[in-house]
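Have a look at the structure below before the remarks.
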Amino acid sequence: MEGGFPLPAMEMGALTGWLTQFLFAMLRIGAFLVASPAFGGRFTPLPIRIVATVMLTIPVFAHVPMPPPDALAGMSALRLIIPELALGLTAGLVLTILFGAASLAGDRIASTAGLSFAAQVDPAMGGQSPVVAQVFSIFLLMTFFALDGHLVAIRIVIESYTALPPGGDFQPDRLIAAGLQAGTAMFALGLGIMLPVVSVLLLLNIVIGVITRSAPALNLFSFGFPLTMMATLLLLWLTVPGAATAMQGVMSAALDLIGPILGGGV
């Protein structure tokens, strides 16, 4: 406008290139949030994921150099996009796999106690799972947030842009090894969570079998089932401190595993 102050402006080509670079910077963080246990659940609305991705990308985009817009304009950009998605998805899936140790422990405890029929829809997975498994999963998730594990995980992802800059060296064998290691650790950690309760319930089932065999009037449903229910609830209450320690171990193992994936550490 004549006689007025000039407004700051940007050419359309420069603006398009800036937006392309920003969207590229969002790939790793967005893939991590989609695959992670908390933000990846179906109970998290899509707008929340988008806003969280944008807000976490802003400091990264301001300090980490991105490939030029020309390199992101053609099919050759796939060699830059795929590693970013692979890094984010692998880190998020490793967390999800290790967090499955809680669901695995709860499912085995429910099966041993005869509580498999007590199932409801799991909002995180979309299918049905035993209530005990859902309680263990929520317990682990709350422990993760209470101990600021989510902040540590986000810090590792953001710092990974410095350790593994976009367009840098990509090693898919390291991601595959991390996935295999996460599967092995999930079963080991799940066994550590469920072993105290399952071992006592196994001994209790043996005792109930001997009693019902020697006294047929005390059948399984009138004597064994109520006794097993009471013992299960009592054991779950008594093992809460040990379960909390085991949950903390799961969280620490998950964070220790995603650190090397993203080229950093806890």
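When the residues of the stretch 159-214 are filtered to those that are more than 23 Å from the chain's Cα centre (by Cα), within 23 Å of Ala133 (Cα to Cα) and touching a residue at least 40 places away in the same chain (Cβ under 8 Å), the one that is surrounded by the most Cβ atoms within 10 Å (Cβ to Cβ) is Val197.
In this structure, Gly259 does not qualify as under 24 Å from Gly106 (Cα atoms), of a type outside the set (A, V, I, L, M) and either in a helix (DSSP H, G or I) or at pLDDT 85 or above (or both). Against the test of being surrounded by fewer than 16 Cβ atoms within 10 Å (Cβ to Cβ), at pLDDT below 85 and not in a helix (DSSP H, G or I), the options Phe39, Phe43 yield a single qualifying residue, Phe43.
Just to check your reading of the model, which residue among Gly264, Gly242 is of a type outside the set (A, V, I, L, M, F, W, C) and modelled with pLDDT under 85? It would help to see each step written out before you state the result.
Details: Gly242 fails: modelled with pLDDT under 85.
Result of the check over Gly264, Gly242: Gly264.
Among residues of the stretch 66-93 that are assigned to a loop (DSSP other than H, G, I, E, B), those with a beta-carbon under 7 Å from a residue that is surrounded by fewer than 21 Cβ atoms within 10 Å (Cβ to Cβ) at least six positions away or on a different chain give the pairs Met66/Gln21; Pro67/Leu80; Pro67/Gly167.
The values are calculated or read from the model by the stated rules, or taken from the named source; none is laboratory data. Please read all numbers here as calculations on a predicted model, not as lab measurements. Positions of Cβ are backbone-derived with ideal geometry, glycine not excepted, and every protein chain shown enters the neighbour counts.
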